[in-house]
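Please read through the structure below; I'll follow up with questions.
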Amino acid sequence: MKHTKSYKILILLLLTAIFHGCIDDPVKYNGSMIDGAVYDQFGMNYANMKVSVGDYPIVATDVYGKFSLENNQFPYNITVSDIYSSTNKYIGLTIPNPVLTTLEDHGNSNFCYVKVIFPEITSEYDEAVIKFISIDKNTQFDDKASYMDPYFGMWVNIPYDKSSISGKLIFLQYKMYSDHTVHSFKKFGIKDITLNNGYSNQEITFTENDVSYNPPELLSEFNIQLSPEFNEMNSSVSLIFPGMDNNSAIELPSSYFGELYGYVITPELPNVNYIVKFTNYASVDNYQLFSVIWDYINPGENVALNHNKSLTLLQPINEVSNVNDNTKFIFSDTEPGGIYVYKITPDLHFDYHHTNIITDKYPLTLKDFKTWGYQFIPNTKYYWGVVKYPGYKNIDEFVSSQLKEDTVYKKIPASEWYSFTIR
């Protein structure tokens, strides 16, 4: 009887271990169909995106960003692109339902337009941000109203499957220093609203009675310890509203270029719960390849960031001209682990049409890039660099759920750019 009881316990422990393994690790498959979804960098469903296993056959995502593809490869590679965006190649996937992100690109979606009327801004040193915040997915870029503007034309993108979206509209007016940082806050208002998609005669008015005046300011000191390898940097300050969608944030004007110490001013908003996100961007050569680090603080708290350069390109050396199929692309990583995005482009000044190789594999060769569909032109200069999303064990984990910063990582390391020429 004792032996029987022991066997039962062992079997129970084994089943428990298997069960937890199924939860923690992505499910692998050997089937013939892939059913996935594509989102843009803001988490919006990306409709009409071209998706393929390798480079063919090609299907388009539906209005929900979803797609289905036949597959006879295992493991498999997926290519995501359209005519305007970068091409993203995910390498070595083994799960049936990948969730893919375009990383840098803004997708296509329905839009809402609304005319916002507010108390006149009478000083050329004042401006106001008017921001829609919601628990639902949406995208609104941080346009601002300024001196003598009669009204504000607000555009909010919402998913294709939504005909309307509800949330709150915030009006926040501030006075600026000559360097375009905030000097003080002057007016604050908030309204519950519902937006309908399309261009219509929606109109929202903040009267003098709808706003409060001179909301108190709170000071937060910042201290950035920056690696000497970086020679370009700037910082930003945003108000983040817990419980709202990640895109529901107000970016305050800031010009902290090269400033490692200082303070930021945030408002004390009545009946609104918010935290402050302080972000530092640093690069070696200032060509759209920034290492990013951030932290969250309560209004009035201080923030200290230690921003080290952890990715450094090694081979091929910069400006080399004899790269061939066997050339290895090698970099050092002082904090190894995570997902690497190899970026390849013939033009650093052009934001779109980069090719991103997204993989947990390291190092890669030029032949690998060619195998995965990149077509190099002989005697042409190309640039390459690496960005990392830390904290992921492998590529399957990376594509097992929608990519959201802060859930796994609070920094995005990046290397410099190196150039090379194909033999």
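The values are calculated or read from the model by the stated rules, or taken from the named source; none is laboratory data. Predicted model only: the values in this text are computed from it and were never measured. Methodologically, a virtual Cβ is constructed for each residue, glycine included, from the backbone with ideal geometry; neighbour enumeration extends over all protein chains shown. Remember, those area values only see protein heavy atoms, side chains included, never the ligands or the DNA or RNA. Shrake-Rupley method; radii C 1.70, N 1.55, O 1.52, S 1.80 Å.
Can you tell me how the chain classifies by the Cα gyration tensor, rounded, prolate or oblate, using a/c under 1.5 as the rounded cut?
Details: a/c = 1.66, a/b = 1.42, b/c = 1.17.
Judged from the Cα gyration tensor, the chain comes out prolate (a/c at least 1.5, a/b above b/c).
Which FRET efficiency value, to the nearest 0.05, do you get for residue 272 and residue 99 by plugging their Cβ-Cβ distance into 1/(1 + (r/R0)^6) with R0 = 35 Å?
Working: r = 32 Å, r/R0 = 0.91.
E between residue 272 and residue 99, to the nearest 0.05, is 0.65.
If contacts are Cα pairs under 8 angstrom and at least 6 residues apart, what is the relative contact order of the chain in percent? Each step should come with its number before you reach the end.
On the way: 1047 pairs, mean separation 60.4, N = 423.
Computed value for the chain: 14 percent relative contact order.
Using only Cα atoms, find the angle between the long axis of helix 2-24 and the longest principal axis of the chain, and express it within 0 to 90 degrees, rounded to the nearest 10.
60 degrees
Still on this structure, please answer the following. Could you please state how large a percent of the accessible area of the chain is carbon and sulfur, counting protein chains only and using a 1.4 Å probe?
Details: 10560 of 20620 Å².
It is 51 percent, rounded to a whole number.
Scan around residue 185 for amide H atoms under 5 Å from its own, H built in the peptide plane at 1.01 Å from N, and keep only partners 5 or more places away or cross-chain.
175
Okay, next question. Quote to one decimal, in nm, the extra length available between residue 35 and residue 286 on full extension: 0.36 nm per residue of separation minus the C-alpha distance between them.
On the way: separation 251, 0.36 × 251 = 90.36 nm, distance 3.84 nm.
Full extension from residue 35 to residue 286 adds 86.5 nm.
Right, next: Using a 1.4 angstrom probe, figure out how much accessible area the chain has per residue, in square angstrom, rounded to the nearest whole. Let's see the in-between values first.
Working: 20620 Å² over 423 residues.
Accessible area per residue, the chain: 49 Å².
So if I place +1 on the C-beta of Lys and Arg and -1 on the C-beta of Asp and Glu, and nothing else carries charge, what would the dipole magnitude of the chain be about its Cα centre? I want it in debye, nearest 20. Please report the intermediate quantities before stating the final value.
On the way: 31 positive and 48 negative charges, 331 e Å.
With only Lys, Arg, Asp and Glu charged at Cβ, the dipole is about 1580 debye.
To continue, here is another question. Peptides 48-56, 315-323: what's the order by average Cβ count within 10 Å, highest mean first? It would help to have the intermediate numbers written out before the result.
Numbers: 48-56: 17.4, 315-323: 13.7.
Top to bottom by mean Cβ count within 10 Å: 48-56, 315-323.
Moving on to the next point. Looking at 224, 84, 213, which one has the Cα that reaches farthest to the positive end of the dipole of the chain (charges on Cβ: Lys, Arg +1; Asp, Glu -1)?
Positive-most Cα among the choices belongs to 84.
In addition: Could you sort the peptides 127-136, 32-41 by per-residue average Cβ neighbour count (10 Å cutoff), highest mean leading? Please report the intermediate quantities before stating the final value.
Numbers: 127-136: 21.2, 32-41: 18.5.
Highest-to-lowest ranking by the protection proxy: 127-136, 32-41.
Enumerate the calculated ³J(HN,Hα) couplings along region 34-44 in order (Karplus 6.51 cos²θ - 1.76 cosθ + 1.60, θ = phi - 60°), each rounded to whole Hz, writing x wherever the residue is Gly or Pro.
So the Karplus estimates, Gly and Pro as x, are 10, 10, x, 8, 10, 10, 8, 5, 9, x, 8 Hz.
Answer rounded, prolate or oblate for region 309-375, using the Cα gyration tensor with square roots of eigenvalues a ≥ b ≥ c: rounded when a/c is under 1.5, else prolate when a/b is larger than b/c, else oblate. Before the final figure, lay out the partial values.
Values: a/c = 1.31, a/b = 1.20, b/c = 1.09.
In terms of gyration-tensor shape, rounded.
Using a Gaussian network model of the chain whose springs link C-alpha atoms within less than 10 Å, name the residue from 413, 346, 57 with the highest mean-square fluctuation.
Maximum among the listed residues: 57.
About the Cα centre, and with charges only on the beta carbon of Lys, Arg (+1) and Asp, Glu (-1), how big is the dipole of region 295-396? Nearest 20 debye, please.
Working: 9 positive and 11 negative charges, 74 e Å.
Once rounded to the nearest 20, the dipole reads 360 debye.
How would you rank 165-177, 252-264, highest first, on the average number of other Cβ atoms within 10 Å across their residues? Can you show the working numbers first?
Working: 165-177: 19.5, 252-264: 15.5.
The densest-packed peptide leads the list: 165-177, 252-264.
Would you calculate a helix-derived [θ] at 222 nm for the chain, using -39,500 (n - 2.57) for each DSSP H run of n ≥ 4 and dividing by the full residue count, to the nearest 500?
Details: 3 runs with 33 residues, N = 423.
Only helices count here, giving -2500 deg cm²/dmol.
Moving on. Any idea what the dipole of region 231-302 comes to, in debye rounded to 20, about its Cα centre with Lys/Arg Cβ at +1 and Asp/Glu Cβ at -1? Provide the component values of the computation, followed by the final result.
Working: 1 positive and 8 negative charges, 18 e Å.
For this selection, approximately 80 debye.
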